[in-house]
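The structure under discussion appears below in the form of structure tokens.
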Amino acid sequence: MVATRTVPFFNYPDVFTSDEAELLSIIREVGRRGAYIMQRDLADFEHELAEYVGAKYVIGMANATDALHFAVRAAGIGPGDEVIFASHTMVATPAAAHFAGATPVPVECGPDHLIDPDAVAAAVTPRTRAIMPTQLNGRTADMRRLQSIADACGAVIIEDSAQALGSRFMGQAAGTFGLAGCISFYPAKTLGCLGDGGCLITNDETIDRQVRLLRDHGRNEEGEVVTWGLNSRLDNLQAAILRHKLSRYDDDIARRRELARRYDQLLGNVPQLTLPPAPDADARHFDVFQNYEIEAEDRDGLRRYLQDRGVGTLLPWGGKAVHQFAALDCNGRLPYTEQLFTKLLMLPMNTSLADADVEYVAEQVTAYYESAAFIERSAA
């Protein structure tokens, strides 16, 4: 069959072309000032983003992975310590603990695809120093339960909120619950720049001070080297671009929520699918829909069918949870997560989509489950 429409999983050129004139103006203005590294654009963006999430401090960094790693180091976590995380996450999450010398401990996610608090409680040992929930796909975990567990065992919470800028649980923003959190500005994120970028969020003055040293070679505001550090500064040009995009961010999130609502209307009655919660389905959660991650019967057959009809999809993390990568030596079985990963599929979800794109995707998904190929496969 020849595709009647092409819907890529993510339209990378649109990150630039959808706002080309304004972005070129920003590039010219910053370039003419020669303002490339840690200039006022970065400071202004950090201040405005802190106000947006309701935090005291935001530290712009080269990427969210560094933000997580520096948070772990600044918290004094290292060899002999354990950090609990959900295996349904990017490898960057446990890598932050690994490179600080700590031991990452993977646990199950729950039906919402986020870290399972019961699994966290069961994994606590005397060596547990941190719980690192991933606020996945633009949804924030049950932070009240996680904080209760952390308090009981004397652990800190460090949030991998890379995918969750603007997401809220009980009215509080992702990234602001624990000792620190991170946000990613990778181009495909809800707030994306034109390259790599990220930030650390914290309300702790000591963490703020230590991470600012770590991101700039250990140098203080006077230029004196006062500790060992690295180079992980958010590029000033990217900060200027992000500041511009932040000014319209709420409109982008509203659009994502519209698209998610439309998916829910069109696919909510397909029995072979499990969809993420619809917008406003749970008053405790405000979801920003970084991704639209579904569970699908005969996932691989559906994916091939969609590909043949011009619809791009993605398997989360290449189709494996962290503990399933043998080279990482994360021991143990997580049966629920392993079964889940045979079903997970991400459909297109971004602001470049037209309503007609979502309708086309939904039509093709529905058509597959009504097709002779699927019926024959199910009967076999």
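The values are calculated or read from the model by the stated rules, or taken from the named source; none is laboratory data. Quantities reported herein were computed from a predicted structural model and do not represent experimental measurements. Here the Cβ is made from the backbone with ideal geometry for all residues, glycine too, and neighbour counts use every protein chain on show. Only protein heavy atoms, including side chains, enter the accessible area calculation; ligands, DNA and RNA are left aside. Shrake-Rupley method; radii C 1.70, N 1.55, O 1.52, S 1.80 Å.
Which of the GluC sites (Glu not before Pro) found in the stretch 181-235 are in a DSSP loop and have at most 14 neighbouring Cβ atoms, other than their own, within 10 Å?
Numbers: sites: E205, E221, E222, E224; in loops: E221, E222, E224.
Those that pass, being in a loop and sparsely packed, are E221, E222, E224.
Restricted to Cα positions, what overall size does the chain have along the principal axes? Three whole-Å values, descending.
In descending order, the Cα extents are 70, 55, 39 Å.
Run the dipole for the chain about the Cα centre, Lys and Arg Cβ at +1, Asp and Glu Cβ at -1, nothing else charged, and hand back the magnitude in debye, nearest 20. Show your work: numbers first, answer last.
Values: 36 positive and 52 negative charges, 83 e Å.
Here the chain has a charge dipole of around 400 debye.
Over the chain, calculate the relative contact order: mean separation of alpha carbon pairs under 8 Å at least 6 apart, over the residue count, as a percent. All intermediate terms of the calculation are to be shown ahead of the outcome.
Working: 774 pairs, mean separation 79.3, N = 380.
Normalised by residue count, the contact order of the chain is 21 percent.
Applying the Karplus parametrisation 6.51 cos²θ - 1.76 cosθ + 1.60 with θ = phi - 60° to the phi angles of the stretch 45-55, what ³J(HN,Hα) value in whole Hz is obtained for each residue in order, glycine and proline being reported as x?
My calculation for the stretch 45-55 gives 5, 4, 5, 5, 5, 4, 5, 5, 8, x, 10 Hz in order.
When only DSSP loop residues count, what chymotrypsin sites (Phe, Trp or Tyr not before Pro) in the stretch 1-110 have their Cβ near at most 14 other Cβ atoms within 10 Å? Please list the in-between numbers first.
On the way: sites: F9, F10, F16, Y36, F45, Y52, Y57, F70, F85, F99; in loops: F9, F10, Y36, F99.
Loop-located and lightly packed - Y36, F99.
Which shape class, rounded, prolate or oblate, goes with the stretch 238-380 when its Cα gyration tensor gives a ≥ b ≥ c as root eigenvalues, a/c under 1.5 marks rounded, and past that a/b bigger than b/c marks prolate? Intermediate values should be presented prior to the final figure.
Numbers: a/c = 1.85, a/b = 1.21, b/c = 1.53.
The shape class here is oblate.
What do you get for chymotrypsin sites (Phe, Trp or Tyr not before Pro) in the stretch 215-311 restricted to DSSP loop and a cutoff of at most 13 other Cβ within 10 Å of the site's Cβ? Walk me through the intermediate numbers first.
Values: sites: W228, Y249, Y263, F286, F289, Y292, Y305; in loops: W228, F289.
Qualifying residues, ordered by number: W228.
HN-Hα J couplings of the stretch 176-190 from phi, Karplus 6.51/-1.76/1.60, θ = phi - 60°, integer Hz, Gly and Pro as x?
10, 7, x, 5, 6, x, 10, 10, 9, 10, 3, x, 7, 7, 4
List every residue whose amide H lies under 5 Å from the amide H of G178, counting only residues 5 or more places away in sequence or on a different chain, with H placed 1.01 Å from N in the peptide plane.
E159
Pull up all non-local amide H partners of V156: gap of 5 or more, or a different chain, and H-to-H distance under 5 Å with H placed in the peptide plane.
For V156, whose amide H was placed from the backbone, the distant partners under 5 Å are A130, I131.
Report relative contact order for the stretch 216-269 in percent, whole number only (criteria: Cα-Cα under 8 Å, sequence separation at least 6). Mind dumping the intermediate values first?
Details: 22 pairs, mean separation 10.8, N = 54.
Contact order relative to length: 20 percent.
Can you give the accessible area per residue of the chain, in Å², using a 1.4 Å probe?
On the way: 16410 Å² over 380 residues.
Ligands and nucleic acids excluded, the figure is 43 Å² per residue.
Got a sec? Charge dipole of the chain, +1 on Cβ for Lys and Arg, -1 for Asp and Glu; which of V311, T125, H47 is way out at the positive end?
T125
Provide the per-residue ³J(HN,Hα) series for the stretch 203-214, in order, calculated from phi with Karplus coefficients 6.51, -1.76, 1.60 and θ = phi - 60°, each as a whole number of Hz, with x at glycine and proline positions.
9, 9, 5, 5, 4, 4, 5, 5, 6, 5, 5, 4
Return the carbon/sulfur percentage of the accessible area of the chain, one whole number, probe 1.4 Å, all protein chains in place. Could the numbers behind the result be given before it?
Working: 8170 of 16410 Å².
Roughly 50 percent, rounded to a whole number.
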